[in-house]
Each structure stands twice: as structure tokens, then as C-alpha cells.
Amino acid sequence: MNLAKRLGATALCALLLGFFSCENHTVLPSEPAPGPAPVSGAPEASDIPVAKKYLLTEFSSYKLTYNRESKITKISTGNQYFQVEYGNGWTAVTLFSDQVKSYKEVFDLNAKGLSHQARVYKFNDPGALPQLIETRNYHYDGAGKLVQMTYKDVPNKRVQIYYDANGDLSREEWYNAQNFKTLEFTYAYELPGKPRKTDRIPTDYAYSFAGDGIFVPLFGVTHKHLVQRRTLKSFWTNSIHHDEIFAYTLNADGFPESYKVFDVLDNIWRQDPVLYKYSIN
């Protein structure tokens, strides 16, 4: 699934944050229905080790199914679902729409279990062999951090990936075949008065590297903390298209139960919270 399709999904817009520059002077909103203030000097719940085993089973409209090894095997949303298969050195994700195969992505894994290549196939006709339509390559630094995504058949088309001092993904830069930067995603994990909080179940859902492989751990740990703000800037229009702030509600173990979204551009809180559900052992 391409970037435009993924940006069209309502839940994807959930993790948007923004710039801290003269382009966007923002007074942080008051959070709706805040919980009790933490005891002074007490550690954040997200910093305390948890003995329980949590598996994310629902997020927004997505429902996740696992096998006995706690690996995701199915991701369902509306009339679509993703079937996840695992093999020796590969992971495959097939998208079904109305019970019909649409796309399949095969992720080849390196010795560390990280994807170094993804081949994308499209099913044009029932019963016909799928057509290879795209090959992406993934590049890592010496510490095993994903730093670049390139496209095998399109020179210059790529995504440059940057991290902050805490090891959290801070910026994505998307370039087209003409070597023009078209998009820039910028992430923040702390805001004034809002320190970083550990993301207990970091997934690749927040980012666009996996195509249909959302939620499946394919690229190591791209972030350790909960995203509190994200922006999307288009360089075609030289303007910010999305800028949103997230107010999380955490449970006693530091796992998010829900979050509400403040749309900075429209200066409003969205009414419906995004919910998490878990299987706890």
C-alpha cells in the first residue's frame, strides 16, 4: 500500500506532531479531563519495570490476532485484513479487501532479524500470478538503527531517517526520483511540562516504512517513547499539512489506555478518543 493510501487511513493521523520553530508558534492546549497529579518525587509509571505480559489486541479500528509464540498473524480493520506469515529469513504480509487478495509484501530478514529488503506484489486478477511492482531496500547504521529506505528501480527516490539523542526517530525526509524533497515528518516525544514516557509496546504503525506490514516488528526499535506531537510538511506547497498533539491516559503499569488529539491547525480537540486494548498474562 502506498503512502497516499496509508495517510488516508483515519487512525494513521493519530500520531502527528509538529515543529518548534518560528513557522508555528503554538500555545499548548489544556488537556481534557486530566487525571490526578503524580506524587512529587515518585517515578513515572512508564519507568517502572512491569512483570506482566501485555499483548496489544486492539488499537483504534484495528484488531490483532497472535499465535502461540505471541507473533501477530492477522490484523483486521473494517472490510480489510492483513495476513502475516513467517518463514526462515522472511516475513510476508498479504492484504485482503472484501476477502480478495490485493497486495503482498515479502520482507527478507538479515541475521539480526531486521528487514533489509521488501518486495511488493499486486494481485490483478483472481487466480493469476501476482505482479512485482516495487522493491524497497533498508539500510542500517552500525548500531542497527534504520537510517535509509531506498527503491531498487527508482534512483534518488528514498527516505532519510534521523534520530535524537534518546534513540527516538525524530525526522523522516522523503525524496522523489528527481531528488526533490517532497515530504518531511517531524516527531517530538516531550513537550513543555510533558516529559518523555516509555512506549511499552512500540510498533511500526506510526511510520511509513513497512507499507502493509503495520504493527509487525521489522526494523528494530525505531522509537522508545510515546509520540506526543508530529507534523507533516509538504515541500510541494511549502506548508504544514498536519500538526497534532496527543494527550495520553496511562494505566497503573504505564501502558496507554487511550489518547485524545488536539488539532493545532484547527485549534480544536477531536471529540472521540483513540482506545487501546490488551491481553494481559
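When Rg and the Kirkwood Rh are both derived from Cα coordinates, the Rg/Rh ratio for the stretch 197-281 amounts to 1.00. Take each peptide in 89-96, 141-148, count the other Cβ atoms within 10 Å of every residue, and average; sorted highest first, the result is 89-96, 141-148. In terms of the mean number of neighbouring beta-carbon atoms within 10 Å, the peptides 113-123, 257-267, 233-243 order highest first as 113-123, 257-267, 233-243.
For the stretch 232-281, a/c is not less than 1.5, where a ≥ b ≥ c are the root eigenvalues of the C-alpha gyration tensor, and a/b tops b/c. That puts it in the prolate class. Modelled spin labels at Asn137 and Thr57, positioned 7 Å past Cα toward Cβ, are 4.3 nm from each other. With 30 Å as the limit on Cα-Cα distance, the pairs of Lys74/Lys224; Lys52/Lys101; Lys52/Lys260 that go past it are Lys52/Lys101.
The gain in end-to-end length when the Gln117 to Ser279 segment is fully stretched comes to 55.2 nm, 0.36 nm per residue minus the alpha carbon separation. Label-to-label distance, Glu85 versus Ala128, with points set 7 angstrom from Cα along the beta-carbon direction: 2.1 nm.
Close amide H contacts of Tyr103 (hydrogens built in the peptide plane, cut-off under 5 Å, sequence separation of 5 or more or a different chain): Leu95, Phe123. Phi-derived couplings, Karplus 6.51 cos²θ - 1.76 cosθ + 1.60 at θ = phi - 60°, listed residue by residue for the stretch 237-254: 9, 6, 8, 7, 9, 9, 7, 9, 10, 10, 10, 8, 10, 9, 7, 5, 8, x Hz, with x used for Gly and Pro. Using only the C-alpha atoms, the convex hull of the stretch 123-213 corresponds to 156 Å³ per residue. Projected onto their three principal axes, the Cα atoms of the stretch 150-196 cover extents of 45, 17, 11 Å, largest first. Cα extents for the stretch 129-272 along the principal axes, largest to smallest and rounded to whole angstrom: 47, 37, 34.
How many percent of the alpha carbon pairs in the stretch 110-164 exceed a separation of 16 Å? In whole percent, the share of Cα-Cα pairs in the stretch 110-164 beyond 16 Å is 53. Using Cα pairs closer than 8 Å and at least 6 residues apart in sequence, work out the relative contact order for the stretch 97-139, in percent. It rounds to 33 percent for the stretch 97-139.
Bear in mind that the values in this text are calculations on the coordinates, not laboratory data. Please read all numbers here as calculations on a predicted model, not as lab measurements. FYI the Cβ positions are ideal-geometry reconstructions off the backbone, even for glycines, and counts take in every protein chain you see.
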